[in-house]
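A.B. asks: Please read through the structure below; I'll follow up with questions.
The values are calculated or read from the model by the stated rules, or taken from the named source; none is laboratory data. Remember, it's a predicted structure, so these values are computed and weren't measured experimentally. Cβ sites come from the backbone with ideal geometry, for glycine too, and all protein chains shown count toward neighbours.
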Amino acid sequence: MIIVTGATGKLGRRVVERLLERMPARRIGVSVRDPRRAQGLADRGVRVRRGDFDDVDSLVHAFEGADQLLLTSLDRIGEECVAGHRRAVGAAVKAGAGRILYTSQMGASHTSRFAACRDHARTEDLLRDSGLPWTALRNGFYASSALQFLEAARGTGDIALPADGPVAWTGHDDLAEAAAAILAGEHRFDGPTPPLTGPAALDFTAVADLATRAEGRPFTRTVVPDETFREQALGHGVPAATVDLMLSIFAAARDGEFASTDPTLARLTGREPAAFESLLRDAWSR
Ligand SMILES: NC(=O)c1ccc[n+]([C@@H]2O[C@H](COP(=O)([O-])OP(=O)(O)OC[C@H]3O[C@@H](n4cnc5c(N)ncnc54)[C@H](OP(=O)(O)O)[C@@H]3O)[C@@H](O)[C@H]2O)c1
């Protein structure tokens, strides 16, 4: 059985849909915080169990019978994040899982300037030490994160953000398809995959050009000093820890941590990954 955690989230629910295209529902299970939100999957024959990363017993029960487990990383930062992953890996060992696939990120490193990439590196260490076979999906930076950064510019026409660097923005649909293909045994990796990226690395100057083309109205790019960005964000009520996290993304991008592109995602999915321009067009046409 293949068990997917985070199956009510944006990536996990796409992975489950891609698995359902490949195998009978009875071979799929989900581990979710709130089983009521997965009732639709239960109705289609998917095994739904409650699994909370803060409750090891629930995880051991939810992971029962897992030949493979997709461990979707938590949306937390620092020790709180890694501690949750440690509980999940421990529960997978206890449940006798055959393999863990973990949603890591390109640039995962103990020395990354982006806090989440340091957490991914620590989690990959936990997996290495678990004694279980494991795969770390080094997912490209979500294009949806770029779209969040662009939300204000969508109205103003000016991309006013800190200095950045090229990022290989990548779509959820492509990453979910790749995860499902690996879970279904169509491809196999031990340890970290190559970076699973979109087709091009773009900085926000390049994004301004393609937004201009996509929208048929001008977009400009203004570099905002980090300190000004911090003050503005704090002034809008963004928590200080979130502001620091955002600034750490720009710092890591400036250092080129997300700049490489790689053909592996296309090989896994059998198609060219979605270009950022088409993802932006889709999102902004809604
Ligand atoms: N590669 C990248 O660029 C990038 C960017 C941002 C984030 N990420 C990572 O990728 C992960 C998946 O992305 P996504 O877009 O699917 O995010 P998402 O929609 O926020 O999904 C996160 C999932 O984690 C679940 N979760 C949170 N706390 C939990 C807990 N205590 N126990 C069990 N489940 C818990 C959530 O459950 P509910 O559905 O119940 O809320 C949700 O299903 C994120 O969580 C984050 O770690 C990667």
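A.B. asks: With (1) within 20 Å of residue 114 (Cα to Cα); (2) among the charged types (D, E, K, R); (3) touching a strand residue (DSSP E or B) at 6+ places or on another chain (Cβ under 9 Å) as the list, and residue 221 as the residue in question, which single condition is left unmet?
C.D. replies: (1)
A.B. asks: A further question follows. Show the residue pairs that are 6+ apart or on different chains and have beta-carbon atoms under 9 Å apart, the first residue being within the range 92-120 and over 20 Å from residue 194 (Cβ atoms) and free of Cβ contacts under 8 Å to residues at least 60 places away in the same chain, the second being outside any loop (DSSP other than H, G, I, E, B) and among the charged types (D, E, K, R).
C.D. replies: Close Cβ pairs (under 9 Å, with a partner that is outside any loop (DSSP other than H, G, I, E, B) and among the charged types (D, E, K, R)) amount to 119/79.
A.B. asks: Hey, another quick one. Inside the range 87-111, can you point out the residues that are under 12 Å from residue 31 (Cβ atoms) and under 18 Å from the mean Cα position of the chain (by Cα)?
C.D. replies: 88
A.B. asks: I've got another one for you. Say we look at the range 123-147 and pick out the residues that are assigned to a helix (DSSP H, G or I) and more than 13 Å from the ligand (Cβ to nearest atom); which of these is surrounded by the most Cβ atoms within 10 Å (Cβ to Cβ)?
C.D. replies: In this case the residue turns out to be 127.
A.B. asks: Further, regarding this structure: I'd like to know if the range 174-181 contains one or more residues that are assigned to a helix (DSSP H, G or I), at pLDDT 95 or above and under 30 Å from residue 221 (Cα atoms).
C.D. replies: So the first thing to find is which residues in the range 174-181 are assigned to a helix (DSSP H, G or I), and the list is 174-181.
Pick out the ones that are also at pLDDT 95 or above and you get 174-181.
Remaining after also requiring under 30 Å from residue 221 (Cα atoms): 174-175.
So far as the range 174-181 goes, yes, one or more of its residues are assigned to a helix (DSSP H, G or I), at pLDDT 95 or above and under 30 Å from residue 221 (Cα atoms).
A.B. asks: Give the residue, chosen from 253, 274, 241, that is surrounded by fewer than 16 Cβ atoms within 10 Å (Cβ to Cβ) and among the aliphatic types (A, V, I, L, M).
C.D. replies: So the residue among 253, 274, 241 that is surrounded by fewer than 16 Cβ atoms within 10 Å (Cβ to Cβ) and among the aliphatic types (A, V, I, L, M) is 241.
A.B. asks: So the check is Cβ under 9 Å with 6+ separation or different chains; which pairs have a first residue in the range 223-236 that's in a loop (DSSP other than H, G, I, E, B) and a second one that's surrounded by 13 or more Cβ atoms within 10 Å (Cβ to Cβ)?
C.D. replies: Correct list of pairs: 224/160; 224/161; 224/162; 224/163; 224/232; 225/162; 225/163.
A.B. asks: Counting just the residues of the range 148-180 that are of a type in the set (Val, Ile, Thr) and away from the ligand (no atom under 15 Å from the Cβ), which one comes out surrounded by the fewest Cβ atoms within 10 Å (Cβ to Cβ)? Steps first, please.
C.D. replies: First, the residues of the range 148-180 that are of a type in the set (Val, Ile, Thr): 156, 159, 167, 170.
Narrowing further to those that are away from the ligand (no atom under 15 Å from the Cβ): 156, 159.
Numbers: 156: 11, 159: 22.
In this case the residue turns out to be 156.
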